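Structure record follows, encoded as structure tokens.
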Amino acid sequence: MSLWLKRDLITGPYLRLCLSAKEYEAELKSLKLAKGGPFPSERGIARCNWYTHKNGDLMCFVCLHGDVLEDRDGPQIAALIVHEAVHVFQRYRNWVGESKPSSEFEAYSIQTISQRLMYAFIDQTKKAARRRPSRSR
């Protein structure tokens, strides 16, 4: 057991990355949340859907249309994730009533949100790749 405490001074919303409508809807069902914002279409590719947790905290589902992402390279996917991370920061900033955050606070917040979403993306796509049958040539 570690005696070190978590160093986060400010905690943002609960974050969940969903790469398919099926996964998104299953998570909503497991949390007993009414269906809210739609999963992105092939045209929309990415979006944030917001809910309030039963404890009153803000929850954000960052939804990326996984099928469309197969046609994109790493920098394009990273840019989509950063784009959505900015929306997460903006909504959370408004949620806590912060109208003029410092530029460093904004930059570190977006960096942290982006990084967490990117790691989640890597974890989820690695698992999906292991489940896919190998193609024989």
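The values are calculated or read from the model by the stated rules, or taken from the named source; none is laboratory data. Please read all numbers here as calculations on a predicted model, not as lab measurements. Glycine gets a Cβ as well: all are built from the backbone with ideal geometry, and neighbour counts include every protein chain shown.
Kindly indicate whether any position in region 68-81 is farther than 18 Å from Ala21 by Cα, at pLDDT 95 or above, in contact with a helix residue (DSSP H, G or I) (Cβ under 8 Å, 6 or more places away or on another chain) and among the β-branched types (Val, Ile, Thr). Within region 68-81 (the criterion being farther than 18 Å from Ala21 by Cα, at pLDDT 95 or above, in contact with a helix residue (DSSP H, G or I) (Cβ under 8 Å, 6 or more places away or on another chain) and among the β-branched types (Val, Ile, Thr)), the answer is no, since none of the residues qualifies. Inspection of region 39-49 identifies no residue that is in contact with a Gly (Cβ under 9 Å, 6 or more places away or on another chain) and over 14 Å from Leu17 (Cβ atoms). As a summary of the residue check, His65 satisfies the conditions (1) surrounded by fewer than 19 Cβ atoms within 10 Å (Cβ to Cβ); (2) modelled with pLDDT under 90 except for the one numbered (1). Selection of region 22-37 for residues being at pLDDT 90 or above, of a type in the set (A, V, I, L, M, F, W, C) and crowded, with 16+ Cβ neighbours inside 10 Å yields only Leu28.
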